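The values are calculated or read from the model by the stated rules, or taken from the named source; none is laboratory data. Since the model is a prediction, treat every value here as computed from it, not as a measurement. Every residue, glycine among them, receives a Cβ derived from its backbone with ideal geometry; neighbour counts consider all protein chains shown. For accessibility, only protein heavy atoms count, side chains too; no ligands or nucleic acids. Shrake-Rupley method; radii C 1.70, N 1.55, O 1.52, S 1.80 Å.
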Amino acid sequence: SQPSAASETVPLGDGVLLALYGHPLSGDDRRVVYAFAAQVRAAREQRVLRRQASAALAMSEADRLRTAILRAVSHDLRTPLAS
């Protein structure tokens with residue numbers, strides 16, 4: 001048998017939908033579901049932001065190391081060789 005169509009969908013962000021099956025929701029139940037959806041959206045956004053912060057931190061560290069190496073090489077090239 002075919003699954004029945006969702007009676008309602010609630011967007012969770014990034015094209016993700018929460019599909020609700022069964023009887024229609026009352027006003028109070030609908031508010032609870034939408035509050036839950038808002039929490040899920042916030043959690044998903046926090047996860048994305050954590051990943052972006054981690055990537056930015058890694059790039060910052062790589063940039064710091066690159067700058068340190070360039071300074072060291074530059075210093076060595078400017079320092080005359082002792083004869």
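Only Lys, Arg, Asp and Glu carry charge here, each on its Cβ (+1 for the first two, -1 for the last two); on that basis the chain has a dipole of about 380 debye about its Cα centre.
3J(HN,Hα) couplings calculated from phi for region 6-19 with the Karplus curve 6.51 cos²θ - 1.76 cosθ + 1.60 (θ = phi - 60°) are, in sequence order, 4, 7, 6, 10, 10, x, 10, x, 6, x, 8, 10, 8, 8 Hz; Gly and Pro show x. I'd like to know which of VAL10, ALA37, PRO80 lies farthest towards the positive end of the charge dipole of the chain, counting +1 on Cβ of Lys and Arg and -1 on Cβ of Asp and Glu. About the Cα centre, the residue reaching furthest to the positive side is PRO80. Dividing the summed helix terms, -39500 (n - 2.57) for each DSSP H run of n ≥ 4, by the number of residues in the chain produces a 222 nm estimate of -23500 deg cm²/dmol to the nearest 500.
Database remark: amide H of LEU12 closer than 5 angstrom to the amide H of LEU17, LEU18 (H placed geometrically; neighbours at sequence offset of 5 or more, or on other chains; Pro and chain starts carry no H). Of the solvent-accessible surface of the chain, computed with a 1.4 Å probe and all protein chains present, 61% belongs to carbon and sulfur. In the context of the full set of protein chains, residues of region 40-83 present 94 Å² of accessible surface per residue (probe radius 1.4 Å, heavy atoms only). Among the protein heavy atoms, those of VAL32 account for about 100 Å² of accessible surface (1.4 Å probe, every chain in place).
Counting charges near LEU57 (Lys, Arg +1; Asp, Glu -1) among other residues having Cβ under 13 Å from its Cβ returns a value of +1.
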